[in-house]
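The values are calculated or read from the model by the stated rules, or taken from the named source; none is laboratory data. Fair warning: this is a prediction, and the values are worked out from it, not measured in the lab. Here Cβ is always computed from backbone atoms with ideal geometry, including for glycine, and neighbour counts include all displayed protein chains.
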Amino acid sequence: MLKGIHHVAIICSDYAQSKHFYTKVLKLEILAENYRAERDSYKLDLLLPDGNQVELFSFPEPPARVSQPEACGLRHLAFRVESVEDIAHYLTQHGVHVEAIRVDEFTGRKFTFFQDPDGLPLELYEV
């Protein structure tokens, strides 16, 4: 039935800032970039190394995401990495605040969280 996740869609408040973050800091490859005049909206298709995609959308004046306290709905987006320490160090060097590295009590795997420019929680999960 379901074969996997094709993409995750993210709505941003500042398209240029988020595009820079996802393409220059996180180094996701641009597959396509389209402007939809009727919606005054950009759609940026980004490729992860495993073939999954992130779609970055801009819309005029989107409402803020409820993050604190956490609300019902999608909680966060987690990226598989080989070394949480290495990526956390890289992000810190690029001005991104990264939480302390923790260990999953059930799997014994290392993980940590950081946020995109709009405060969307993103996770690094060591595999």
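Taking the condition over 26 Å from Val127 (Cβ atoms), among the hydroxyl-bearing types (Ser, Thr, Tyr), surrounded by 12 or more Cβ atoms within 10 Å (Cβ to Cβ) and over 12 Å from the mean Cα position of the chain (by Cα), does Ser13 pass? Spelling it out, Ser13 is indeed over 26 Å from Val127 (Cβ atoms), among the hydroxyl-bearing types (Ser, Thr, Tyr), surrounded by 12 or more Cβ atoms within 10 Å (Cβ to Cβ) and over 12 Å from the mean Cα position of the chain (by Cα). Is it the case that some residue within the stretch 84-98 is closer than 20 Å to Gly4 by Cβ and either out of contact with any strand residue (DSSP E or B) (no Cβ under 6 Å at 6 or more places or on another chain) or assigned by TED's automatic domain parsing to the domain that holds Lys3 (or both)? For the stretch 84-98, residues closer than 20 Å to Gly4 by Cβ and either out of contact with any strand residue (DSSP E or B) (no Cβ under 6 Å at 6 or more places or on another chain) or assigned by TED's automatic domain parsing to the domain that holds Lys3 (or both): absent.
Summed over the stretch 83-124, residues that are in a helix (DSSP H, G or I) and of a type in the set (D, E, K, R) total 2. Among residues of the stretch 14-43 that are over 20 Å from Leu77 (Cβ atoms) and not assigned by TED's automatic domain parsing to the domain that holds Ile87, those with a beta-carbon under 8 Å from a residue that is modelled with pLDDT under 95 and surrounded by fewer than 12 Cβ atoms within 10 Å (Cβ to Cβ) at least six positions away or on a different chain give the pairs Asp40/Pro60; Ser41/Pro60.
In the stretch 62-71, which residues are over 14 Å from Pro121 (Cα atoms) and free of Cβ contacts under 8 Å to residues at least 24 places away in the same chain? Give the derivation first.
Step one: of the stretch 62-71, the residues over 14 Å from Pro121 (Cα atoms) are 62-63.
Within the stretch 62-71, just Pro63 meets the criteria.
Being within 22 Å of Phe113 (Cα to Cα), in a loop (DSSP other than H, G, I, E, B), at pLDDT 95 or above and of a type in the set (Gly, Ala, Ser), is that true of even one residue in the stretch 65-75? Spell out how you get there, then give the answer.
Residues of the stretch 65-75 that are within 22 Å of Phe113 (Cα to Cα), as a first pass: 65-75.
Narrowing the set further to residues that are in a loop (DSSP other than H, G, I, E, B) leaves 65-75.
Those left that are additionally at pLDDT 95 or above: none.
Taking every residue of the stretch 65-75 in turn, none turns out to be within 22 Å of Phe113 (Cα to Cα), in a loop (DSSP other than H, G, I, E, B), at pLDDT 95 or above and of a type in the set (Gly, Ala, Ser).
Is it the case, given these coordinates, that Glu105 is at pLDDT 95 or above, out of contact with any helix residue (DSSP H, G or I) (no Cβ under 7 Å at 6 or more places or on another chain), surrounded by fewer than 12 Cβ atoms within 10 Å (Cβ to Cβ) and not assigned by TED's automatic domain parsing to the domain that holds Ser41? Steps first, please.
Details: at pLDDT 95 or above: yes; out of contact with any helix residue (DSSP H, G or I) (no Cβ under 7 Å at 6 or more places or on another chain): yes; surrounded by fewer than 12 Cβ atoms within 10 Å (Cβ to Cβ): yes; not assigned by TED's automatic domain parsing to the domain that holds Ser41: yes.
Yes, satisfied.
Here Leu2 passes the criteria (1) in a loop (DSSP other than H, G, I, E, B); (2) modelled with pLDDT of 95 or more; (3) over 18 Å from the mean Cα position of the chain (by Cα) except the one numbered (2).
Taking residues in the stretch 74-98 that are on the phi < 0 side of the Ramachandran plot, and partners anywhere that are loosely packed, with under 12 Cβ neighbours inside 10 Å, the pairs with Cβ atoms closer than 6 Å and at least 6 places apart or on different chains are Arg80/Val127. For residues in the stretch 26-54 being part of a loop (DSSP other than H, G, I, E, B) and not aliphatic (A, V, I, L, M), which is nearest to Asp86 (Cα to Cα)? Among those residues, the one meeting the criterion is Lys27.
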